[in-house]
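The values are calculated or read from the model by the stated rules, or taken from the named source; none is laboratory data. In this text, all values refer to a predicted model and were calculated from it rather than measured experimentally. All Cβ positions, even for glycine, are placed from backbone atoms using ideal geometry, and neighbour counts span all protein chains on display.
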Amino acid sequence: MGTAVTAKEVGGETQGVEASQVADVPKGSLVRRTKRQRFILDGIIVLVGLAFILPMLWLLDAAFSNNASQAMSVPQLTFGNFKAAIAAGAGGAIKNSLYLAIVSTFIATVVSILAAYVLSRRRVPLKGAMLIVVLFLTGLPITLLLIPIYVMYVHLGWDNSPFYTSVALAATSVPFAIWLLKNFIDQVPREFEEAAAIEGAGGVRILWRIVIPLATPGIFVAAILTFINSWGAFLLPLVIDANPQNTPGALGIYEFMSANGRVQFGPLSAYAILFSLPVIVLYLISTRWLHGGFAFAGGVKG
Amino acid sequence: MAKIVLEGVDKLFKGKPRPAVESLDLEVEDGEFLVMVGPSGCGKTTTLRMIAGFETPTHGVIRIGGKAMNNVLPKDRNLAMVFQNYALFPHMSVAKNLSFGMKARREPRAKINKDVETIASMLGIDSLLDRKPSELSGGERQRVALGRALLRRPEAFLMDEPLSNLDAALRVQMRLEIKRIHTQFPVTTVYVTHDQVEAMTMADRIALMNAGRLQQTAVPESIYDHPANAFVAGFIGTPKINFFTGTVVRDGGTPRVSFLECSCSVNGSAGAALEKLSSSTVTVGFRPEEIRVAPEGGGRLPTAKCVVEMVEPLGPETNVVARCGDQLFVCRTSARSGLEAGDAVTMEFDTSQMKLFDAESGGSLE
């Protein structure tokens, strides 16, 4: 590796390069760089990484310190901040967030699978227009929906209800989930459904036993994105649910921030870490799952 | 088991200039193994898909077992299909793939298990029941696809180029296997392929299609010996039939046809057809085995002096590509002809087998 003389492109011209200047490159790498180039690139990567990691490190530091401030210090490893956060309602808020996220994910996933399947497989009048509308809706900001949903919910008596808040949250995620799942289901070869149909399987069986298992990675991605979207929900619960017992995590942190006059970095950081834990666990689980890959190999040649 | 009838079937796809299938009238007898063959885009797969119910005919009726099927869903047609790419469900084991249909039709579990084992051992895949399709070879996947079709116990089998993804040796083996299965379970079968060798070796009858139209339906020997038109003659037979431009000479007596340096009289029904023909050119066809090196001292058959362009030894026989004037043709001789490129040779033409076609329409003049 890196012992032969290689041609190097510098500013568009190709020049020969001494063997010693070429750094060891991983096998299969398409680009060969000089040691200097690698050093500079690595330096940039480290700096960017630090810009992201330092705030996280501060958060960890502040959560475990007694006198947390905006500066970093060696943590004293106390759990007092976590106890303060839970006393302020972090536990309840996280439970509420779990409810909202799980219910809205379930509703959104079921609705979008059915919609995506039909949009992918069936002849629907004005399908093209419908798909463009769905695409447009994915970019719709939630602030546009707040007041209309509030008015509608109050009129229907659906305000101050975690369940109906979940429904609203699901609705905000459905357009993107439909778009994602439709494109995913498009990739499932139709031959599988044809083979199942000629075997005597009806529509529901085909969807349940053939399409959904083969679209599982896409369904998983759509579900995770919905979950994360609902987990961090702030504006919708703020507007349509005034009951303090239904406060979800994001709202809870906001209220905690101004609760005691001045910002208490320690308990606030602890609250934030507690609130992030479920999503981190979900991320770890999902990366393992998604490595399962796409299961078409072997079913259809090529 | 059922008879399949297509009456006046058309299929037009939106945006395509010509129909995929045009005015198709076809009958597949009960228990018959019919092979639909033709070049890519001829409409054979579209026809198969219409029989299966995946496409709806634009016009015409499809009957299976006497019942019109135009509005019947694929799942209710009681057919089984083997796809070109097998379409084995990749997330299910072989056993689950085999039993999928029976479970969908809610058959008793004990019967499902027993039948799956019987068919699996018949096809030699009983050791593979727990594997997933991705862990199988091409031939094994094909057997599983066949097994799934057999377990359907259908009124008819539909097969869409099931052997085209296999290597040559395996293809020959599976050809025999499929025919053996058909002998054991004589179910009406419609088999689609672009390979004329498969058609000739497997079919009870061949239905040859081109550009959406049915060209000829006949038993393999008839299609070979009495092609309905120049396309059929050219499609069936390897190496391809040789076509020459022939001139018709009508001088009151038996009409004669001259081609290359030869001339011969044409009797019988072909002669009568020549009499009626207004044009004076025809297309003359000779299969490679009907052109031979003339024996020393000549014979009774017309001959032409040619130059050998290329010799292709195939083992049991040799293809000789020769040129006479500006016409190139292939003749098949026994092995070790001793000929070499550049040799001058006299070829004789077996005019008893000569095929005559209308120069414009391509129709046979028999």
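One line per residue, one yes/no per condition, for (1) in contact with a strand residue (DSSP E or B) (Cβ under 8 Å, 6 or more places away or on another chain); (2) within 11 Å of chain B (Cβ to nearest Cβ); (3) surrounded by 23 or more Cβ atoms within 10 Å (Cβ to Cβ); (4) assigned to a helix (DSSP H, G or I):
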{"site": "A:Phe176", "(1), (2), (3), (4)": "no, no, no, yes"}
{"site": "A:Leu181", "(1), (2), (3), (4)": "no, no, yes, yes"}
{"site": "A:Glu191", "(1), (2), (3), (4)": "no, yes, no, yes"}
{"site": "A:Gly200", "(1), (2), (3), (4)": "no, yes, yes, no"}
{"site": "A:Ile206", "(1), (2), (3), (4)": "no, yes, no, yes"}
{"site": "A:Arg209", "(1), (2), (3), (4)": "no, yes, no, yes"}
{"site": "A:Ile212", "(1), (2), (3), (4)": "no, yes, no, yes"}
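Looking only at segment A:143-158, decide whether some residue is surrounded by fewer than 17 Cβ atoms within 10 Å (Cβ to Cβ), within 28 Å of A:Ser286 (Cα to Cα) and in the same structural domain as A:Ala272 (by TED's automatic domain parsing).
Within segment A:143-158, none of the residues are surrounded by fewer than 17 Cβ atoms within 10 Å (Cβ to Cβ), within 28 Å of A:Ser286 (Cα to Cα) and in the same structural domain as A:Ala272 (by TED's automatic domain parsing).
So for segment A:63-73 (the condition being among the hydroxyl-bearing types (Ser, Thr, Tyr), surrounded by 12 or more Cβ atoms within 10 Å (Cβ to Cβ), out of contact with any Phe, Trp or Tyr (no Cβ under 6 Å at 6 or more places or on another chain) and modelled with pLDDT under 70), does at least one residue qualify?
Within segment A:63-73 (the criterion being among the hydroxyl-bearing types (Ser, Thr, Tyr), surrounded by 12 or more Cβ atoms within 10 Å (Cβ to Cβ), out of contact with any Phe, Trp or Tyr (no Cβ under 6 Å at 6 or more places or on another chain) and modelled with pLDDT under 70), the answer is yes, since at least one residue qualifies.
With (1) closer than 26 Å to B:Ile178 by Cα; (2) more than 14 Å from every other protein chain (Cβ to nearest Cβ); (3) polar (S, T, N, Q) as the list, and B:Thr45 as the residue in question, which single condition is left unmet?
Single failed check for B:Thr45: (2).
Being modelled with pLDDT under 85 and under 32 Å from the mean Cα position of the chain (by Cα) is the filter here, so list the residues in segment B:277-292 that pass it.
Residues satisfying the conditions are B:Leu277, B:Ser279.
Consider A:Ala195 carefully, then state whether it is within 14 Å of chain B (Cβ to nearest Cβ) and in a helix (DSSP H, G or I).
Here the answer is yes, as A:Ala195 does meet what is asked.
For segment B:185-217, which residues satisfy the criterion of being small (Gly, Ala, Ser) and crowded, with 19+ Cβ neighbours inside 10 Å?
Listed by number, the residues that qualify are B:Ala199, B:Ala203, B:Ala207, B:Gly212.
Which of the residues spanning segment A:224-260 are of a type in the set (D, E, K, R) and touching a residue at least 24 places away in the same chain (Cβ under 8 Å)?
Across segment A:224-260, the qualifying residue is only A:Asp241.
Scan (1) assigned to a strand (DSSP E or B); (2) under 30 Å from the mean Cα position of the chain (by Cα) for the single condition B:Leu274 breaks and write down its number.
B:Leu274 satisfies all of (1) assigned to a strand (DSSP E or B); (2) under 30 Å from the mean Cα position of the chain (by Cα) except (1).
Considering only residues that are assigned to a helix (DSSP H, G or I) and out of contact with any helix residue (DSSP H, G or I) (no Cβ under 8 Å at 6 or more places or on another chain), which ones fall in segment A:115-135?
A:Val118, A:Gly128, A:Ala129, A:Ile132, A:Val133 - these are the residues of segment A:115-135 that are assigned to a helix (DSSP H, G or I) and out of contact with any helix residue (DSSP H, G or I) (no Cβ under 8 Å at 6 or more places or on another chain).
Could you please let me know if B:Glu107 is farther than 26 Å from A:Pro189 by Cα, free of Cβ contacts under 8 Å to residues at least 40 places away in the same chain and within 12 Å of another protein chain (Cβ to nearest Cβ)?
yes
Restricted to segment A:222-239, and to residues that are aliphatic (A, V, I, L, M) and surrounded by fewer than 18 Cβ atoms within 10 Å (Cβ to Cβ), which residue is farthest from the other protein chains (Cβ to nearest Cβ)?
Checked segment A:222-239; the qualifying residue farthest from the other protein chains (Cβ to nearest Cβ) is A:Leu238.
Scan segment A:79-102 and give yes if some residue there is outside the structural domain of A:Val279 (by TED's automatic domain parsing), small (Gly, Ala, Ser) and assigned to a loop (DSSP other than H, G, I, E, B), otherwise no.
Scanning segment A:79-102 turns up no residue that is outside the structural domain of A:Val279 (by TED's automatic domain parsing), small (Gly, Ala, Ser) and assigned to a loop (DSSP other than H, G, I, E, B).
Search segment B:51-63 for residues that are in contact (Cβ under 8 Å) with a residue 24 or more places away in the chain and within 11 Å of another protein chain (Cβ to nearest Cβ) and pair each with any residue that is in a loop (DSSP other than H, G, I, E, B) and buried (at least 22 other Cβ atoms within 10 Å of the Cβ) when their beta-carbon atoms are under 6 Å apart and the residues are at least 6 apart or on different chains.
Final answer for the pair search is B:Gly53/B:Arg77.
If you take the residues of segment B:307-322 that are touching a residue at least 24 places away in the same chain (Cβ under 8 Å) and surrounded by fewer than 17 Cβ atoms within 10 Å (Cβ to Cβ), which of them is nearest to the chain's Cα centre (by Cα)?
B:Met310
Count, please, the residues in segment B:2-22 that happen to be surrounded by 14 or more Cβ atoms within 10 Å (Cβ to Cβ) and within 23 Å of the chain's Cα centre (by Cα).
Of the residues in segment B:2-22, 13 are surrounded by 14 or more Cβ atoms within 10 Å (Cβ to Cβ) and within 23 Å of the chain's Cα centre (by Cα).
Exactly one of these conditions fails for A:Thr247: (1) closer than 23 Å to A:Ile86 by Cα; (2) within 14 Å of chain B (Cβ to nearest Cβ); (3) not charged (D, E, K, R). Give me its number.
Against the list (1) closer than 23 Å to A:Ile86 by Cα; (2) within 14 Å of chain B (Cβ to nearest Cβ); (3) not charged (D, E, K, R), A:Thr247 comes up short only on (2).
Show me the strands (runs of 3 or more DSSP E) found entirely inside segment B:1-60 where at least 1 residues are more than 19 Å from B:Asp160 (Cβ to Cβ).
Because the criterion is at least 1 residues that are more than 19 Å from B:Asp160 (Cβ to Cβ), the strands (runs of 3 or more DSSP E) in segment B:1-60 that meet it are B:4-11, B:21-28.
Quick one: is B:Thr303 in contact with a strand residue (DSSP E or B) (Cβ under 9 Å, 6 or more places away or on another chain), polar (S, T, N, Q) and farther than 20 Å from B:Glu366 by Cα?
Against the criterion (in contact with a strand residue (DSSP E or B) (Cβ under 9 Å, 6 or more places away or on another chain), polar (S, T, N, Q) and farther than 20 Å from B:Glu366 by Cα), B:Thr303 qualifies.
Counting only residues that are in contact with a Leu (Cβ under 9 Å, 6 or more places away or on another chain) and surrounded by fewer than 23 Cβ atoms within 10 Å (Cβ to Cβ), which one in segment B:153-162 is nearest to B:Lys75 (Cα to Cα)?
B:Glu155
Is one or more of the residues making up segment B:139-149 over 26 Å from the mean Cα position of the chain (by Cα), touching a residue at least 24 places away in the same chain (Cβ under 8 Å) and within 11 Å of chain A (Cβ to nearest Cβ)?
No, because not a single residue in segment B:139-149 is over 26 Å from the mean Cα position of the chain (by Cα), touching a residue at least 24 places away in the same chain (Cβ under 8 Å) and within 11 Å of chain A (Cβ to nearest Cβ).
Taking B:Thr351, is it surrounded by 19 or more Cβ atoms within 10 Å (Cβ to Cβ) and closer than 15 Å to B:Pro288 by Cα?
yes
Would you confirm whether or not segment B:331-343 contains a residue that is of a type in the set (Asp, Glu) and assigned to a strand (DSSP E or B)?
Checked against the condition, which is being of a type in the set (Asp, Glu) and assigned to a strand (DSSP E or B), segment B:331-343 yields no hits at all.
Return the residue satisfying two criteria in turn: it lies in segment B:64-104 and is crowded, with 22+ Cβ neighbours inside 10 Å and at positive phi, and of such residues it is farthest from the other protein chains (Cβ to nearest Cβ).
B:Tyr86
With within 28 Å of B:Ala145 (Cβ to Cβ) and assigned to a loop (DSSP other than H, G, I, E, B) as the only criterion, which of B:Leu163, B:Leu214, B:Leu158, B:Leu170 stands out?
The conditions single out B:Leu163.
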